[in-house]
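The values are calculated or read from the model by the stated rules, or taken from the named source; none is laboratory data. Keep in mind that this is a model prediction, so the values were computed, not measured. Note that each Cβ is placed from the backbone with ideal geometry, even for glycine, and that neighbours are counted across all protein chains shown.
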Amino acid sequence: MKDVVIIGGGVAGLGAALTLGSSEGSKRGRIETLVIDNGKSDLKKAELHNVPFVKKGTSGVEALEQLKKDALEFSSVEFVEDSVLSIEGEAGDFTIKGEKTEVKSKFIVLATGAHELNIILNGKKIPTETHELMPKDGMIKISFNGRQKFKEGIFIAGLLSGVTTMYATALGSGVEAACAILSEIGGKTVIVHDFKGSRDKK
(Lines give C-alpha, C1' and ligand atoms only; values in the text may rest on other atoms or scores of the structure.)
Protein backbone atom coordinates (compact mmCIF):
# COMPACT_ATOMS: atom_id res chain seq x y z
CA MET A 1 0.00 0.00 0.00
CA LYS A 2 1.38 3.38 -1.07
CA ASP A 3 0.47 6.57 0.71
CA VAL A 4 0.18 8.47 -2.58
CA VAL A 5 0.08 7.44 -6.23
CA ILE A 6 0.68 10.29 -8.68
CA ILE A 7 -0.65 9.62 -12.17
CA GLY A 8 1.43 11.72 -14.54
CA GLY A 9 5.14 12.43 -14.43
CA GLY A 10 5.23 15.88 -15.97
CA VAL A 11 6.19 19.00 -14.07
CA ALA A 12 3.10 18.96 -11.81
CA GLY A 13 3.35 15.29 -10.94
CA LEU A 14 7.07 15.44 -10.26
CA GLY A 15 6.66 18.65 -8.27
CA ALA A 16 4.12 16.87 -6.08
CA ALA A 17 6.46 13.89 -5.72
CA LEU A 18 9.39 16.11 -4.74
CA THR A 19 7.29 17.86 -2.08
CA LEU A 20 5.96 14.59 -0.65
CA GLY A 21 9.43 13.04 -0.71
CA SER A 22 10.85 16.00 1.19
CA SER A 23 8.74 14.96 4.16
CA GLU A 24 11.45 12.35 4.85
CA GLY A 25 13.37 13.24 7.97
CA SER A 26 10.64 15.54 9.25
CA LYS A 27 8.26 14.80 12.11
CA ARG A 28 5.69 13.79 9.49
CA GLY A 29 7.90 10.90 8.40
CA ARG A 30 7.99 9.06 5.10
CA ILE A 31 5.18 9.41 2.59
CA GLU A 32 5.50 6.39 0.32
CA THR A 33 4.92 7.81 -3.14
CA LEU A 34 4.73 6.23 -6.60
CA VAL A 35 4.70 8.23 -9.85
CA ILE A 36 3.15 6.42 -12.81
CA ASP A 37 3.96 8.15 -16.10
CA ASN A 38 3.13 7.34 -19.73
CA GLY A 39 6.01 9.45 -21.08
CA LYS A 40 3.77 11.83 -23.05
CA SER A 41 4.36 15.15 -21.27
CA ASP A 42 4.02 18.12 -23.63
CA LEU A 43 6.98 19.68 -21.84
CA LYS A 44 9.25 17.35 -23.79
CA LYS A 45 8.66 19.57 -26.84
CA ALA A 46 9.52 22.80 -25.03
CA GLU A 47 12.55 25.03 -24.63
CA LEU A 48 12.41 27.13 -21.48
CA HIS A 49 13.26 30.84 -21.33
CA ASN A 50 10.92 32.19 -18.63
CA VAL A 51 11.05 29.79 -15.68
CA PRO A 52 12.50 31.14 -12.40
CA PHE A 53 15.74 29.39 -11.38
CA VAL A 54 15.88 27.37 -14.63
CA LYS A 55 18.68 28.35 -17.02
CA LYS A 56 17.37 30.01 -20.17
CA GLY A 57 17.43 27.65 -23.14
CA THR A 58 17.03 24.51 -21.02
CA SER A 59 15.03 21.91 -22.92
CA GLY A 60 11.84 20.53 -21.46
CA VAL A 61 13.40 17.06 -21.48
CA GLU A 62 16.35 18.32 -19.41
CA ALA A 63 14.05 20.09 -16.96
CA LEU A 64 11.93 16.97 -16.46
CA GLU A 65 14.98 14.78 -16.00
CA GLN A 66 16.38 17.11 -13.34
CA LEU A 67 13.05 17.28 -11.51
CA LYS A 68 12.75 13.49 -11.65
CA LYS A 69 16.32 13.09 -10.37
CA ASP A 70 15.62 15.48 -7.48
CA ALA A 71 12.43 13.64 -6.51
CA LEU A 72 14.06 10.21 -6.69
CA GLU A 73 16.83 11.30 -4.33
CA PHE A 74 14.20 10.72 -1.63
CA SER A 75 14.00 6.98 -1.03
CA SER A 76 10.25 7.18 -0.41
CA VAL A 77 9.63 8.16 -4.07
CA GLU A 78 9.45 5.61 -6.89
CA PHE A 79 8.79 6.04 -10.61
CA VAL A 80 7.37 3.59 -13.16
CA GLU A 81 6.49 3.97 -16.82
CA ASP A 82 2.96 2.79 -17.55
CA SER A 83 -0.47 3.96 -18.69
CA VAL A 84 -3.17 3.91 -16.03
CA LEU A 85 -6.47 2.39 -17.14
CA SER A 86 -8.66 2.49 -14.06
CA ILE A 87 -9.07 3.50 -10.43
CA GLU A 88 -11.31 1.60 -8.05
CA GLY A 89 -12.18 2.07 -4.39
CA GLU A 90 -12.35 5.04 -2.06
CA ALA A 91 -10.09 7.29 0.00
CA GLY A 92 -7.66 5.22 2.02
CA ASP A 93 -8.12 2.14 -0.18
CA PHE A 94 -7.76 2.85 -3.89
CA THR A 95 -6.61 0.29 -6.44
CA ILE A 96 -4.88 1.78 -9.48
CA LYS A 97 -4.60 -0.52 -12.50
CA GLY A 98 -2.33 0.12 -15.46
CA GLU A 99 -1.30 -1.88 -18.50
CA LYS A 100 1.56 -3.40 -16.45
CA THR A 101 1.06 -2.08 -12.93
CA GLU A 102 -1.46 -2.66 -10.17
CA VAL A 103 -1.00 -0.85 -6.86
CA LYS A 104 -3.05 0.19 -3.84
CA SER A 105 -2.88 3.69 -2.40
CA LYS A 106 -4.47 5.89 0.24
CA PHE A 107 -4.40 9.05 -1.91
CA ILE A 108 -4.18 9.83 -5.63
CA VAL A 109 -2.95 12.88 -7.55
CA LEU A 110 -4.20 13.16 -11.14
CA ALA A 111 -1.63 15.16 -13.13
CA THR A 112 -2.19 13.82 -16.63
CA GLY A 113 -2.22 17.09 -18.56
CA ALA A 114 -5.00 18.72 -20.55
CA HIS A 115 -5.40 16.14 -23.29
CA GLU A 116 -8.05 13.43 -23.38
CA LEU A 117 -8.51 11.55 -20.09
CA ASN A 118 -9.43 7.88 -20.47
CA ILE A 119 -9.02 6.65 -16.89
CA ILE A 120 -12.14 4.94 -15.56
CA LEU A 121 -13.05 5.71 -11.93
CA ASN A 122 -15.24 3.11 -10.22
CA GLY A 123 -16.69 2.03 -13.54
CA LYS A 124 -17.40 5.54 -14.84
CA LYS A 125 -15.62 8.06 -17.05
CA ILE A 126 -14.20 10.97 -15.05
CA PRO A 127 -16.16 14.14 -15.91
CA THR A 128 -14.14 16.88 -17.59
CA GLU A 129 -14.78 20.41 -18.82
CA THR A 130 -13.27 22.67 -21.46
CA HIS A 131 -9.95 24.22 -20.40
CA GLU A 132 -10.51 27.91 -21.15
CA LEU A 133 -6.89 28.97 -20.58
CA MET A 134 -5.35 26.75 -23.27
CA PRO A 135 -4.58 28.18 -26.72
CA LYS A 136 -5.55 24.88 -28.41
CA ASP A 137 -9.06 23.55 -28.92
CA GLY A 138 -10.16 20.32 -27.28
CA MET A 139 -8.14 20.70 -24.09
CA ILE A 140 -9.73 19.64 -20.80
CA LYS A 141 -9.72 20.29 -17.07
CA ILE A 142 -11.37 18.79 -14.00
CA SER A 143 -13.24 20.99 -11.54
CA PHE A 144 -12.31 20.61 -7.90
CA ASN A 145 -13.15 22.03 -4.49
CA GLY A 146 -10.88 23.73 -1.98
CA ARG A 147 -7.25 22.66 -2.19
CA GLN A 148 -7.14 20.79 -5.49
CA LYS A 149 -9.59 18.13 -4.22
CA PHE A 150 -11.75 16.40 -6.84
CA LYS A 151 -13.28 14.02 -4.31
CA GLU A 152 -12.18 12.42 -1.06
CA GLY A 153 -8.65 11.11 -1.54
CA ILE A 154 -8.24 12.34 -5.13
CA PHE A 155 -6.46 15.61 -5.96
CA ILE A 156 -5.96 17.37 -9.31
CA ALA A 157 -2.71 19.04 -10.38
CA GLY A 158 -1.11 20.75 -13.35
CA LEU A 159 -2.93 21.67 -16.54
CA LEU A 160 -5.70 19.22 -15.67
CA SER A 161 -6.55 21.54 -12.75
CA GLY A 162 -7.22 24.41 -15.15
CA VAL A 163 -4.09 26.51 -14.60
CA THR A 164 -2.45 28.50 -17.39
CA THR A 165 -0.20 26.41 -19.60
CA MET A 166 3.10 27.53 -18.07
CA TYR A 167 5.83 25.53 -16.32
CA ALA A 168 5.70 27.55 -13.11
CA THR A 169 1.91 27.45 -12.72
CA ALA A 170 1.77 23.70 -13.36
CA LEU A 171 4.59 23.11 -10.89
CA GLY A 172 2.88 25.25 -8.26
CA SER A 173 -0.40 23.37 -8.53
CA GLY A 174 1.43 20.06 -8.08
CA VAL A 175 3.13 21.37 -4.95
CA GLU A 176 -0.22 22.66 -3.63
CA ALA A 177 -1.83 19.25 -4.16
CA ALA A 178 1.03 17.62 -2.23
CA CYS A 179 0.70 20.13 0.63
CA ALA A 180 -3.05 19.49 0.75
CA ILE A 181 -2.40 15.75 1.12
CA LEU A 182 0.24 16.32 3.81
CA SER A 183 -2.29 18.49 5.64
CA GLU A 184 -4.98 15.80 5.44
CA ILE A 185 -2.55 13.21 6.77
CA GLY A 186 -1.44 15.55 9.56
CA GLY A 187 -4.93 16.76 10.46
CA LYS A 188 -3.80 20.38 10.25
CA THR A 189 -2.11 22.76 7.81
CA VAL A 190 1.25 21.22 6.97
CA ILE A 191 4.17 22.57 4.94
CA VAL A 192 7.73 21.34 4.59
CA HIS A 193 10.19 24.16 5.21
CA ASP A 194 13.93 23.73 5.63
CA PHE A 195 16.64 25.94 7.02
CA LYS A 196 20.40 25.67 6.91
CA GLY A 197 21.45 22.47 8.63
CA SER A 198 17.92 21.13 9.10
CA ARG A 199 18.69 18.00 7.07
CA ASP A 200 22.15 17.38 8.50
CA LYS A 201 22.44 13.89 9.90
CA LYS A 202 22.47 13.92 13.66
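Pairs linking a residue in region 124-140 that is at positive phi and of a type outside the set (D, E, K, R) to a residue that is surrounded by 10 or more Cβ atoms within 10 Å (Cβ to Cβ) and not in a loop (DSSP other than H, G, I, E, B), with Cβ atoms under 9 Å and 6 or more positions apart or on different chains, are GLY138/THR130.
The set of residues in region 1-17 that are crowded, with 24+ Cβ neighbours inside 10 Å and among the hydrophobic types (A, V, I, L, M, F, W, C) comprises VAL4, VAL5, ILE6, ILE7, VAL11, ALA12, LEU14, ALA16, ALA17. Looking at (1) closer than 24 Å to GLY123 by Cβ; (2) of a type in the set (A, V, I, L, M, F, W, C); (3) surrounded by fewer than 16 Cβ atoms within 10 Å (Cβ to Cβ), which is the only condition VAL80 fails? Only one criterion is unmet by VAL80, namely (1). In the set PHE155, PHE195, only one residue is in contact with a strand residue (DSSP E or B) (Cβ under 9 Å, 6 or more places away or on another chain) and among the hydrophobic types (A, V, I, L, M, F, W, C); that residue is PHE155.
Checking the structure you have, find out if any residue of region 130-147 is under 22 Å from GLY98 (Cβ atoms) and of a type in the set (Ser, Thr, Tyr).
no
In region 29-49, the residue that is farthest from VAL109 (Cα to Cα) out of those that are surrounded by fewer than 16 Cβ atoms within 10 Å (Cβ to Cβ) and of a type in the set (Lys, Arg) is LYS45. Tallying residues that are at pLDDT 95 or above and more than 16 Å from the chain's Cα centre (by Cα) within region 102-117 yields 3. Within the bounds of region 92-99, is there any residue that is in contact (Cβ under 8 Å) with a residue 40 or more places away in the chain and within 30 Å of ASP200 (Cα to Cα)? No, because not a single residue in region 92-99 is in contact (Cβ under 8 Å) with a residue 40 or more places away in the chain and within 30 Å of ASP200 (Cα to Cα). Each residue in region 58-91 was checked for being among the hydroxyl-bearing types (Ser, Thr, Tyr) and in contact (Cβ under 8 Å) with a residue 40 or more places away in the chain, and 3 pass.
Within region 120-146, restricting attention to residues that are aliphatic (A, V, I, L, M) and in a strand (DSSP E or B), which residue is nearest to ILE185 (Cα to Cα)? Can you show your working first?
Step one: list which residues in region 120-146 are aliphatic (A, V, I, L, M), which gives 120-121, 126, 133-134, 139-140, 142.
So of that shortlist, the ones also in a strand (DSSP E or B) come out as 120-121, 140.
Details: ILE120: 26, LEU121: 23, ILE140: 29 Å.
Among them, the one singled out is LEU121.
Looking only at region 147-202, filter to residues that are in a loop (DSSP other than H, G, I, E, B) and under 13 Å from LEU20 (Cα atoms); which one of those is modelled with the highest pLDDT?
Residues of region 147-202 that are in a loop (DSSP other than H, G, I, E, B), as a first pass: 147-148, 152-153, 157, 162-166, 187-202.
Pick out the ones that are also under 13 Å from LEU20 (Cα atoms) and you get 190-193.
Numbers: VAL190: 86, ILE191: 83, VAL192: 83, HIS193: 82.
Here the answer is VAL190.
Among the residues of region 157-178, the ones that are touching a helix residue (DSSP H, G or I) at 6+ places or on another chain (Cβ under 7 Å) and within 24 Å of THR189 (Cα to Cα) come to 11 in all.
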